[in-house]
Amino acid sequence: MIENNTHLQFLFNIGEKKPNSIDNNSTICPFCDTKNLTDILDRDGTIILLKNKYPTLDNTFQTVIIETDNCDDDMSTYSIEYMRKLIHFGMKHWLALENSGEFKSVIFYKNHGPYSGGTIKHPHMQIVGLNNIDYRESLKDEIFQGTIIHESKNGLINLSSKPRVGFTEFNIIIYDRQNADTMADYIQIAVHYILNNFSAGCGSFNLFFYHWKDKFICKAIPRYVTSPLFVGYSIPQVSNRMDRIVEKMQSLYFNGEKPLE
Ligand SMILES: [Zn+2]
(Lines give C-alpha, C1' and ligand atoms only; values in the text may rest on other atoms or scores of the structure.)
Protein backbone atom coordinates (compact mmCIF):
# COMPACT_ATOMS: atom_id res chain seq x y z
CA MET A 1 0.00 0.00 0.00
CA ILE A 2 1.09 3.57 -0.62
CA GLU A 3 2.54 5.24 2.47
CA ASN A 4 -0.20 7.49 3.82
CA ASN A 5 0.17 9.87 6.77
CA THR A 6 -3.03 11.81 6.25
CA HIS A 7 -5.87 9.33 5.70
CA LEU A 8 -7.09 6.40 7.79
CA GLN A 9 -8.27 3.39 5.85
CA PHE A 10 -11.75 2.17 6.85
CA LEU A 11 -12.09 -1.63 6.81
CA PHE A 12 -15.52 -2.32 5.32
CA ASN A 13 -15.39 -6.05 5.92
CA ILE A 14 -15.32 -5.34 9.70
CA GLY A 15 -17.74 -2.38 9.54
CA GLU A 16 -20.39 -4.60 7.95
CA LYS A 17 -20.49 -6.86 11.02
CA LYS A 18 -20.88 -4.05 13.52
CA PRO A 19 -24.27 -3.73 15.27
CA ASN A 20 -26.00 -0.35 15.03
CA SER A 21 -28.13 0.44 18.08
CA ILE A 22 -28.83 4.04 17.07
CA ASP A 23 -30.63 3.19 13.81
CA ASN A 24 -32.02 -0.12 14.98
CA ASN A 25 -33.69 -0.25 18.40
CA SER A 26 -34.18 -4.00 18.28
CA THR A 27 -30.43 -4.67 18.24
CA ILE A 28 -29.32 -5.91 21.67
CA CYS A 29 -26.96 -3.40 23.23
CA PRO A 30 -23.49 -5.00 23.31
CA PHE A 31 -22.36 -2.72 26.17
CA CYS A 32 -25.28 -3.69 28.45
CA ASP A 33 -24.36 -7.32 27.94
CA THR A 34 -21.38 -6.98 30.29
CA LYS A 35 -20.93 -10.69 30.99
CA ASN A 36 -20.06 -11.30 27.34
CA LEU A 37 -17.53 -8.49 27.04
CA THR A 38 -14.08 -9.66 25.94
CA ASP A 39 -10.59 -8.16 25.94
CA ILE A 40 -11.21 -6.00 29.03
CA LEU A 41 -8.08 -3.93 29.70
CA ASP A 42 -9.08 -2.14 32.91
CA ARG A 43 -12.10 -1.25 34.99
CA ASP A 44 -13.07 1.02 37.84
CA GLY A 45 -16.47 -0.04 39.15
CA THR A 46 -18.94 0.39 36.30
CA ILE A 47 -16.39 2.13 34.03
CA ILE A 48 -14.75 -0.41 31.69
CA LEU A 49 -11.91 -0.08 29.17
CA LEU A 50 -11.74 -2.76 26.51
CA LYS A 51 -10.44 -3.42 23.04
CA ASN A 52 -12.87 -2.41 20.30
CA LYS A 53 -14.51 -5.59 19.02
CA TYR A 54 -14.91 -4.05 15.56
CA PRO A 55 -11.61 -2.31 14.79
CA THR A 56 -12.59 -0.70 11.50
CA LEU A 57 -9.58 1.59 11.20
CA ASP A 58 -6.45 0.17 9.62
CA ASN A 59 -3.08 0.85 11.28
CA THR A 60 -4.60 1.78 14.63
CA PHE A 61 -5.15 0.35 18.12
CA GLN A 62 -8.81 0.94 18.98
CA THR A 63 -10.19 0.87 22.52
CA VAL A 64 -13.54 1.79 24.03
CA ILE A 65 -14.47 3.14 27.46
CA ILE A 66 -17.94 2.01 28.53
CA GLU A 67 -18.91 4.90 30.79
CA THR A 68 -21.66 3.31 32.88
CA ASP A 69 -23.87 0.24 33.17
CA ASN A 70 -26.97 2.39 32.55
CA CYS A 71 -27.80 2.53 28.82
CA ASP A 72 -30.02 5.59 29.26
CA ASP A 73 -27.60 7.79 31.20
CA ASP A 74 -25.48 10.47 29.58
CA MET A 75 -22.76 12.85 30.73
CA SER A 76 -25.32 15.44 31.80
CA THR A 77 -27.02 13.01 34.23
CA TYR A 78 -23.97 11.64 36.07
CA SER A 79 -23.19 12.94 39.55
CA ILE A 80 -20.27 15.38 39.67
CA GLU A 81 -18.17 12.73 41.44
CA TYR A 82 -18.94 10.08 38.82
CA MET A 83 -18.14 12.44 35.96
CA ARG A 84 -14.81 13.32 37.59
CA LYS A 85 -13.97 9.65 38.07
CA LEU A 86 -14.76 8.99 34.40
CA ILE A 87 -12.60 11.82 33.06
CA HIS A 88 -9.71 10.82 35.35
CA PHE A 89 -9.99 7.25 34.07
CA GLY A 90 -10.15 8.37 30.44
CA MET A 91 -7.26 10.81 30.66
CA LYS A 92 -5.12 8.29 32.52
CA HIS A 93 -5.48 5.72 29.75
CA TRP A 94 -5.23 8.25 26.92
CA LEU A 95 -1.95 9.61 28.24
CA ALA A 96 -0.62 6.15 29.09
CA LEU A 97 -1.04 5.12 25.45
CA GLU A 98 0.59 8.38 24.37
CA ASN A 99 3.51 7.80 26.74
CA SER A 100 3.94 4.21 25.57
CA GLY A 101 5.74 5.59 22.52
CA GLU A 102 4.08 2.96 20.31
CA PHE A 103 2.01 5.44 18.33
CA LYS A 104 2.57 8.53 16.26
CA SER A 105 -0.32 10.09 18.21
CA VAL A 106 -3.32 9.00 20.27
CA ILE A 107 -6.83 10.40 19.88
CA PHE A 108 -9.50 10.42 22.59
CA TYR A 109 -13.07 11.32 21.63
CA LYS A 110 -16.76 10.72 22.11
CA ASN A 111 -19.70 10.43 19.76
CA HIS A 112 -23.22 10.93 21.07
CA GLY A 113 -26.38 10.85 18.95
CA PRO A 114 -27.19 10.21 15.29
CA TYR A 115 -25.38 13.25 13.84
CA SER A 116 -22.19 12.57 15.79
CA GLY A 117 -21.05 9.63 13.69
CA GLY A 118 -21.79 7.21 16.53
CA THR A 119 -23.43 3.83 15.99
CA ILE A 120 -23.96 2.65 19.57
CA LYS A 121 -26.24 4.60 21.91
CA HIS A 122 -24.84 3.27 25.18
CA PRO A 123 -22.60 6.02 26.65
CA HIS A 124 -19.01 5.36 25.66
CA MET A 125 -15.80 7.08 24.59
CA GLN A 126 -12.95 5.93 22.40
CA ILE A 127 -9.18 6.03 22.70
CA VAL A 128 -7.35 5.19 19.48
CA GLY A 129 -3.62 4.91 18.90
CA LEU A 130 -2.62 5.99 15.37
CA ASN A 131 0.41 4.25 13.91
CA ASN A 132 1.14 6.72 11.11
CA ILE A 133 -0.81 9.94 11.71
CA ASP A 134 -0.04 12.82 14.06
CA TYR A 135 -3.35 14.64 14.65
CA ARG A 136 -1.43 17.69 15.88
CA GLU A 137 0.01 18.44 12.44
CA SER A 138 -3.23 20.06 11.27
CA LEU A 139 -3.95 21.99 14.49
CA LYS A 140 -3.66 25.74 14.92
CA ASP A 141 -3.76 27.72 18.17
CA GLU A 142 -6.65 29.83 16.91
CA ILE A 143 -9.18 26.96 16.99
CA PHE A 144 -8.87 26.91 20.79
CA GLN A 145 -9.23 30.67 21.27
CA GLY A 146 -12.51 32.36 22.05
CA THR A 147 -14.72 34.35 24.40
CA ILE A 148 -14.20 33.14 27.95
CA ILE A 149 -17.41 31.89 29.56
CA HIS A 150 -15.82 31.03 32.90
CA GLU A 151 -12.31 30.75 34.26
CA SER A 152 -10.77 29.39 37.46
CA LYS A 153 -7.17 29.04 38.54
CA ASN A 154 -7.10 25.51 37.07
CA GLY A 155 -8.61 26.11 33.67
CA LEU A 156 -11.29 27.72 31.57
CA ILE A 157 -14.17 27.21 29.19
CA ASN A 158 -14.56 29.42 26.14
CA LEU A 159 -16.66 29.67 22.99
CA SER A 160 -14.51 29.47 19.86
CA SER A 161 -14.19 32.68 17.90
CA LYS A 162 -12.48 30.81 15.04
CA PRO A 163 -14.11 27.37 15.18
CA ARG A 164 -12.44 24.51 13.37
CA VAL A 165 -15.53 23.35 11.49
CA GLY A 166 -18.05 26.06 12.21
CA PHE A 167 -20.60 27.63 14.50
CA THR A 168 -20.60 26.50 18.12
CA GLU A 169 -17.47 24.93 19.58
CA PHE A 170 -16.76 25.04 23.31
CA ASN A 171 -13.11 24.70 24.34
CA ILE A 172 -12.27 23.44 27.81
CA ILE A 173 -8.62 24.00 28.65
CA ILE A 174 -6.61 22.83 31.65
CA TYR A 175 -2.91 23.45 32.19
CA ASP A 176 -2.03 20.36 34.20
CA ARG A 177 -3.44 16.85 34.09
CA GLN A 178 -3.84 17.03 37.87
CA ASN A 179 -6.73 19.42 37.17
CA ALA A 180 -8.87 16.78 35.47
CA ASP A 181 -11.68 17.61 37.95
CA THR A 182 -11.96 21.06 36.39
CA MET A 183 -11.99 19.45 32.94
CA ALA A 184 -14.79 17.11 34.04
CA ASP A 185 -16.91 19.89 35.57
CA TYR A 186 -16.71 22.15 32.51
CA ILE A 187 -17.38 19.25 30.11
CA GLN A 188 -20.47 18.27 32.07
CA ILE A 189 -21.78 21.85 31.88
CA ALA A 190 -21.10 22.06 28.13
CA VAL A 191 -22.84 18.73 27.50
CA HIS A 192 -25.82 19.70 29.67
CA TYR A 193 -26.13 22.98 27.78
CA ILE A 194 -25.94 21.28 24.37
CA LEU A 195 -28.51 18.60 25.22
CA ASN A 196 -30.96 20.81 27.12
CA ASN A 197 -30.56 24.52 26.49
CA PHE A 198 -28.93 24.95 23.10
CA SER A 199 -31.45 26.20 20.51
CA ALA A 200 -34.31 23.75 21.07
CA GLY A 201 -31.88 21.19 22.53
CA CYS A 202 -29.50 19.32 20.29
CA GLY A 203 -29.45 15.53 20.48
CA SER A 204 -25.99 15.00 19.03
CA PHE A 205 -22.55 16.13 20.11
CA ASN A 206 -18.90 15.18 19.95
CA LEU A 207 -16.07 15.60 22.42
CA PHE A 208 -12.51 15.71 21.08
CA PHE A 209 -9.48 15.77 23.38
CA TYR A 210 -6.16 17.31 22.38
CA HIS A 211 -2.77 17.29 24.11
CA TRP A 212 -1.51 20.52 22.67
CA LYS A 213 1.57 22.49 23.79
CA ASP A 214 1.51 21.32 27.43
CA LYS A 215 -2.22 21.96 27.69
CA PHE A 216 -5.05 19.45 27.77
CA ILE A 217 -8.00 20.62 25.73
CA CYS A 218 -11.45 19.23 25.09
CA LYS A 219 -13.69 20.54 22.33
CA ALA A 220 -17.41 20.02 22.90
CA ILE A 221 -19.36 20.44 19.68
CA PRO A 222 -23.12 20.21 19.09
CA ARG A 223 -23.64 18.35 15.80
CA TYR A 224 -26.04 18.90 12.96
CA VAL A 225 -25.63 18.16 9.28
CA THR A 226 -22.19 19.50 8.38
CA SER A 227 -22.23 22.81 6.51
CA PRO A 228 -21.74 22.33 2.75
CA LEU A 229 -19.37 25.30 2.70
CA PHE A 230 -17.08 23.37 5.00
CA VAL A 231 -17.45 20.09 3.11
CA GLY A 232 -16.81 21.69 -0.26
CA TYR A 233 -14.43 24.52 0.52
CA SER A 234 -13.18 24.09 4.12
CA ILE A 235 -14.68 27.49 4.96
CA PRO A 236 -15.87 27.44 8.60
CA GLN A 237 -18.73 29.76 9.57
CA VAL A 238 -19.17 31.64 12.81
CA SER A 239 -22.45 32.73 14.40
CA ASN A 240 -23.40 36.35 15.06
CA ARG A 241 -25.12 35.22 18.28
CA MET A 242 -22.03 34.18 20.22
CA ASP A 243 -22.52 36.79 22.95
CA ARG A 244 -25.98 35.43 23.64
CA ILE A 245 -24.65 31.89 24.14
CA VAL A 246 -21.90 33.14 26.47
CA GLU A 247 -24.36 35.18 28.57
CA LYS A 248 -26.89 32.38 28.71
CA MET A 249 -24.29 29.89 29.93
CA GLN A 250 -23.00 32.34 32.53
CA SER A 251 -26.47 32.91 33.91
CA LEU A 252 -27.50 29.23 33.81
CA TYR A 253 -24.38 27.62 35.24
CA PHE A 254 -22.21 30.25 36.91
CA ASN A 255 -24.75 32.49 38.72
CA GLY A 256 -24.19 35.19 36.17
CA GLU A 257 -20.50 35.26 37.08
CA LYS A 258 -18.24 36.88 34.54
CA PRO A 259 -14.80 35.37 33.97
CA LEU A 260 -11.85 36.55 36.06
CA GLU A 261 -10.39 39.82 34.86
ZN1 LIG B 1 -26.59 -0.43 26.66
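The values are calculated or read from the model by the stated rules, or taken from the named source; none is laboratory data. What you see is a predicted model, and the numbers here were worked out from it, not measured in a lab. Quick reminder, even Gly has a Cβ in these numbers, built from the backbone with ideal geometry, and neighbours come from all protein chains shown.
Looking at this structure, is residue 2 surrounded by 13 or more Cβ atoms within 10 Å (Cβ to Cβ), away from the ligand (no atom under 16 Å from the Cβ) and at pLDDT below 95?
no
So which residues in the stretch 38-90 are surrounded by 15 or more Cβ atoms within 10 Å (Cβ to Cβ), in contact (Cβ under 8 Å) with a residue 24 or more places away in the chain and among the aliphatic types (A, V, I, L, M)?
Hits for the stretch 38-90 are 47, 49, 57, 64, 65, 66, 75, 83, 86, 87.
Specify which of the listed residues (86, 57) is closer than 27 Å to residue 216 by Cα and at pLDDT below 95.
On the way: 86 fails: at pLDDT below 95.
One residue alone meets the criteria, 57.
Give the residue that is farthest from the ligand (Cβ to nearest atom), with candidates limited to residues of the stretch 99-134 that are surrounded by fewer than 16 Cβ atoms within 10 Å (Cβ to Cβ) and not in a loop (DSSP other than H, G, I, E, B).
Looking at the filtered set, the residue picked out is 99.
Can you name the strands (runs of 3 or more DSSP E) wholly within the stretch 143-195 that have at least 3 residues being within 16 Å of residue 255 (Cα to Cα) and either in contact with a Leu (Cβ under 7 Å, 6 or more places away or on another chain) or not hydrophobic (A, V, I, L, M, F, W, C) (or both)?
The qualifying strands (runs of 3 or more DSSP E) are 146-152.
Just need a number here: residues in the stretch 106-147 that are small (Gly, Ala, Ser) and over 18 Å from residue 53 (Cα atoms).
Residues meeting the conditions: 4.
State whether one or more residues within the stretch 19-31 are surrounded by fewer than 18 Cβ atoms within 10 Å (Cβ to Cβ), over 28 Å from residue 225 (Cβ atoms) and either under 18 Å from the mean Cα position of the chain (by Cα) or touching a residue at least 12 places away in the same chain (Cβ under 8 Å) (or both).
So far as the stretch 19-31 goes, no, none of its residues is surrounded by fewer than 18 Cβ atoms within 10 Å (Cβ to Cβ), over 28 Å from residue 225 (Cβ atoms) and either under 18 Å from the mean Cα position of the chain (by Cα) or touching a residue at least 12 places away in the same chain (Cβ under 8 Å) (or both).
Within the stretch 129-164, how many residues are closer than 19 Å to residue 177 by Cα and hydrophobic (A, V, I, L, M, F, W, C)?
Number of matching residues: 3.
Out of the residues in the stretch 212-261 that are outside any loop (DSSP other than H, G, I, E, B) and of a type in the set (Phe, Trp, Tyr), which is nearest to the chain's Cα centre (by Cα)?
Ranking the candidates gives 216 first.
Has the stretch 209-222 got at least one residue that is surrounded by 11 or more Cβ atoms within 10 Å (Cβ to Cβ) and farther than 30 Å from residue 129 by Cβ? First the steps, then the outcome.
Residues of the stretch 209-222 that are surrounded by 11 or more Cβ atoms within 10 Å (Cβ to Cβ), as a first pass: 209-212, 215-222.
When the remaining residues are screened for being farther than 30 Å from residue 129 by Cβ, the result is none.
Scanning the stretch 209-222 turns up no residue that is surrounded by 11 or more Cβ atoms within 10 Å (Cβ to Cβ) and farther than 30 Å from residue 129 by Cβ.
Do you know which residues across the stretch 132-161 are in contact with a Phe, Trp or Tyr (Cβ under 9 Å, 6 or more places away or on another chain) and among the basic types (Lys, Arg)?
Residue satisfying the conditions is 136 alone.
Take the residues of the stretch 49-91 that are hydrophobic (A, V, I, L, M, F, W, C) and more than 17 Å from the chain's Cα centre (by Cα): which is farthest from residue 4 (Cα to Cα)?
Selected residue: 80.
Using beta carbons and a limit of 9 Å, which pairs, at least six apart or on different chains, have the first residue in the stretch 202-217 and free of Cβ contacts under 8 Å to residues at least 12 places away in the same chain and β-branched (Val, Ile, Thr) and the second one part of a loop (DSSP other than H, G, I, E, B) and surrounded by fewer than 21 Cβ atoms within 10 Å (Cβ to Cβ)?
Going by the 9 Å Cβ cut-off, there are no qualifying pairs.
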